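Everything on this sheet refers to the single structure shown next.
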Amino acid sequence: MAHTKALLVLENFIGGKFVPCSSYIDSYNPSTGDVYCRVPDSGKEEVEAAVKAAKDAFPIWSSKSPLERSQILNKLADLIEHDLEAFAQAESKDQGKTITFARTVDIPRAVHNFRFFASSILHHVTECTEMPAMGCVHYTSRAPVGVAGLISPWNLPLYLLTWKIAPAIACGNTVVAKPSEMTSVTAWMMCQLLEKAGVPPGVVNVVFGTGAKAGEALVCHPEVPLISFTGSTLTAQRITERSAPHCKRLSLELGGKNPAIVFDDADLSQCIPTTVRSSFANQGEICLCTSRIFVQRGIYSEFLKRFVAEAKKWKTGNPSDPTSDVGALISKEHLEKVRTYVKKAQAEGARVLCGEGVDPLALPPGNQKGYFMLPTVIAEVKDESCCMQEEIFGPVTCVVAFDTEEEVIRRANGVKYGLAATVWSGNVGRVHRVAHRLQSGLVWTNCWLVRDLNLPFGGMKASGIGREGAKDSYEFFTEVKTITIKH
């Protein structure tokens, strides 16, 4: 490795200081295939130090008023926003996403996460009831839980890390966070701003490394009573097993196999561009992406023609080019996995209408070794196919026909996941009926990814346990106590 000197080397952030690690792992630039960063390969020792720092910081941080904590969160939001372009550039390079997506979605949302919880922490109320006959008044109080273990994924690195850190520390907890080892740079950059924002040492600790070592040590630590995890269902099963002996509180936001249901009265001029975006945004690497599109038979052929034409307009290329719509997938291994699904669909007799293996992929000279894939549309896939049952997490979507409302609800629900769904129809009664019957934590109608952060976010079935949002996150990151006063 001749270029070692030029590589960015990250350090863990423990007790308000950057701490070197004894061993490191390589992190790749997905758009070139080159190693560009070295990430600590932390384990038990580093997690132990981080938990101790978080425990030591807890008494002072938890005794601050919500207003004091709110002001610090707002200051941190201001600092990230001030460096928005640097954060966006880093996120794009580290994750492979387009610079446009990082600038307009990832980093602004990370800023908003801090501002949102800085505000919401000021507006929670507790309950109170009277029992005049007994001469008693009951009321509830809420207190932070302690050290929160936060494990975030590689697809929306800073966006999803801050979605956990913000409510945890707003509620008065201290945290040990483990970002994905594949996308650690923006978390490290955020650590550089914590002291300036007024976050006391030890309140936010970030330990970098793999799930198998650093994640395992965090989940198994007896003094971390709470784990919030976003990632795969398989990893969540292991977290559940490993945390069970300690009776930990878990919030698990997992995968999806999200359906879009397009009825024959849908406004296709709105539906098609939105559904292309919901299928291929961020290279399809969003848990909320649409990967099964059910179209009523009367408009099926027209939809398919227009949808494929729109998908072909999306430009795949260098993520730092502002005109690119699709960047690189996260890793060589992940690209191979996604390609395998397309091959399986073809072997089963499905038709690949555009994208992988059908259209030529032209890349700039510097990106020839990157992990790129064209937006890919597959038709005539059977419901039992792995392409219709498993989360692909890439720029691949399947389009199939349906006849009746009853049939499409049954088919849409016929997977193990239940995270998000979209319904396209001009019939208000139908929209409500279908939304009520879909086994899904979120249902968008005639739109996609319109979020009010006050409201619950999360999935049913294998898509997770628990919800996140103003009230839900507050309840997760605090312990409730009922106090009875006899007068």
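The values are calculated or read from the model by the stated rules, or taken from the named source; none is laboratory data. What you see is a predicted model; the values in this text were computed from it and never measured. Here Cβ is always computed from backbone atoms with ideal geometry, including for glycine, and neighbour counts include all displayed protein chains. The protein model used for the area step is the full one, side chains on, heavy atoms only, and it has no ligands, DNA or RNA in it. Shrake-Rupley method; radii C 1.70, N 1.55, O 1.52, S 1.80 Å.
Of note:
- Just the protein heavy atoms count here, and of the accessible area of the chain at 1.4 Å, carbon and sulfur take up 55 percent.
- Between residue 82 and residue 332, the contour length at 0.36 nm per residue exceeds the Cα-Cα span by 86.7 nm.
- Dipole in debye (nearest 20) - the range 259-445, about Cα centre, beta carbon charges: Lys, Arg +1; Asp, Glu -1: 200
- Extension reserve of the residue 451-residue 436 stretch, reckoned as 0.36 nm per residue once the Cα distance is removed: 3.5 nm
- Estimated vicinal HN-Hα couplings, Hz - the range 119-124 in sequence order (Karplus 6.51, -1.76, 1.60; Gly, Pro = x): 7, 5, 4, 7, 10, 7
- Mean-position separation - Cα centroids, the range 147-204 and the range 19-96, in angstrom: 5
- 21 Å Cα-Cα reach of residue 305 towards lysines, excluding residues that sit fewer than 8 places from it in its own chain: 313, 315, 382
- The calculated FRET efficiency for residue 60 paired with residue 133, based on their beta-carbon distance and R0 = 41 Å, is about 0.45.
- Cα-based helix-to-principal-axis angle, 84-95 vs the chain, degrees rounded to 10: 60
- Computed over the range 1-99: relative contact order in percent, which uses C-alpha pairs under 8 Å that are six or more apart: 24
- Size of charge dipole - the chain - debye, nearest 20, with Cβ of Lys, Arg +1 and Asp, Glu -1, no other charges: 300
- Sequence-separation-based contact order of the range 431-471, relative, with Cα cut under 8 Å and 6+ spacing, percent: 32
- Efficiency of FRET from Cβ geometry, residue 348 and residue 192, R₀ 45 Å, rounded to 0.05: 0.35
- Partners for residue 196 among aspartates and glutamates (Cα-Cα distance below 16 Å; same-chain residues under 8 apart left out): 68, 78, 81, 83
- Principal-axis tilt of helix 66-82 within the chain, Cα atoms, nearest 10 degrees: 40
- For the chain, the solvent-accessible area with a 1.4 angstrom probe is 41 square angstrom per residue.
- Remark: accessible surface ordering of 127, 46, 479 (largest first) is 127, 479, 46, probe radius 1.4 Å.
- Amide H contacts under 5 Å for residue 444, placed H, 5+ residues apart: 421, 422, 423
- Low-density loop positions, GluC sites (Glu not before Pro), the range 291-396 - DSSP coil, at most 13 other Cβ in 10 Å: 384
- Cα centroid separation, the range 238-253 to the range 406-469 (Å): 26
- Prolate/oblate/rounded label for the range 338-383 (Cα gyration tensor, a/c 1.5): prolate
- Helix 428-437 vs. the chain, principal-axis angle (Cα, 0 to 90°, nearest 10): 60
- Taking a point 7 Å from the Cα of residue 386 along the Cα-to-Cβ direction, the residues of the range 255-280 with backbone N closer than 19 Å to it are 255-258.
- In percent, rounded to a whole number, the relative contact order of the chain is 19, using alpha-carbon pairs under 8 Å and six or more apart.
- Amide hydrogen neighbours beyond the local backbone of residue 464, cut-off 5 Å, H modeled: 254
- Proximal lysines relative to residue 471, as straight alpha-carbon distance under 17 Å, when same-chain residues fewer than 8 apart are discounted: 164, 481
- For residue 41, nonlocal amide neighbours, meaning residues 5 or more places apart or on other chains whose placed amide H falls under 5 Å from its own, are 23, 24, 25.
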